[in-house]
1. Could you rank M150, M50 by how accessible they are, 1.4 Å probe, largest area first?
2. With each pseudo-label sitting 7 Å past Cα toward Cβ, what's the R167-L60 distance in nm, one decimal?
3. Got a number for carbon plus sulfur as a percent of the range 49-155's accessible area, 1.4 Å probe?
4. Under 19 Å from the 7 Å Cα→Cβ point of R123, by amide nitrogen: which residues of the range 45-86?
5. By per-residue mean of other Cβ atoms within 10 Å, what is the highest-first order of 53-60, 35-42, 89-96?
6. Using label points projected 7 Å from each Cα along Cα→Cβ, tell me how many nm separate A36 and A3, to one decimal.
7. Residue-wise, which Karplus ³J(HN,Hα) couplings in Hz belong to the range 121-126, taking 6.51 cos²θ - 1.76 cosθ + 1.60, θ = phi - 60°, and x for glycine or proline?
8. Apply 1/(1 + (r/R0)^6) to the Cβ-Cβ distance of S112 and K146, taking R0 = 22 Å, and write down the FRET efficiency to the nearest 0.05.
Amino acid sequence: SLAALLGIAVAGGVVTVLSVNRISSLVSVVVDRHTAALNVSQELKSSLSMQKGLLTYYFLDGDPGWLAELDVHHRDFEERLREARESVTEATHRAVLNEIESRYIRYTHARSRVVELYNTGERSEGLRLHREIRSQFSEIVELCGKYKEMQQQSIREAQSVILDRVRSIKVLAFMAMG
């Protein structure tokens, strides 16, 4: 009867509107969270990359300004790492951040030793150690890249979930009309 058809149409419309609202809020939350995490991952890698070469410049001309600049980027990296830790929700992401932090701590201790050797006139020993720790630095850069890739993968997975839900809504909407 007409009343039953009208009821089905209204119910279908209500379900569709509620589902669209739910998807809309889900998209907003997911996009905000994942975009923020991706931005932090990019900033983390960038702040680390900004440290590259500064110790070499210090070796070449002895200007302490290079160490001051290195310290600024060091503090920035630590802040970005803290931000990344605050936003991480997945254990695999946390494990990569733990590895980044652990390696970075070891690297900065060795880097401090290099500066100490340079400052005490043991330049050849400092240079030898400096060359050794370059690979440590590169490995940390690679881990930051891996963390960024993980964030990008999380975004792709979230997009897939959202698209699946949108398809479900479409099916429900067509069923309600049918």
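1. Ranked list, largest accessible area first: M50, M150.
2. Result for the modelled spin labels: 5.6 nm.
3. Carbon and sulfur: 50 percent of the exposed surface of the range 49-155.
4. Hits in the range 45-86 for R123 at 19 Å: 53-67.
5. With the highest mean Cβ count within 10 Å placed first, the list reads 35-42, 53-60, 89-96.
6. For the pair A36/A3, the computed spacing is 5.1 nm.
7. Result, ordered by residue: x, 8, 5, 5, 5, x Hz.
8. Details: r = 26 Å, r/R0 = 1.17.
Efficiency, from the Cβ-Cβ distance: 0.30.
The values are calculated or read from the model by the stated rules, or taken from the named source; none is laboratory data. This one's a predicted model, so the numbers in the text were calculated from it and none came from an experiment. Here Cβ is always computed from backbone atoms with ideal geometry, including for glycine, and neighbour counts include all displayed protein chains. Please note that ligands, DNA and RNA were not included when accessible areas were found on the heavy atoms of the full protein model with its side chains. Shrake-Rupley method; radii C 1.70, N 1.55, O 1.52, S 1.80 Å.
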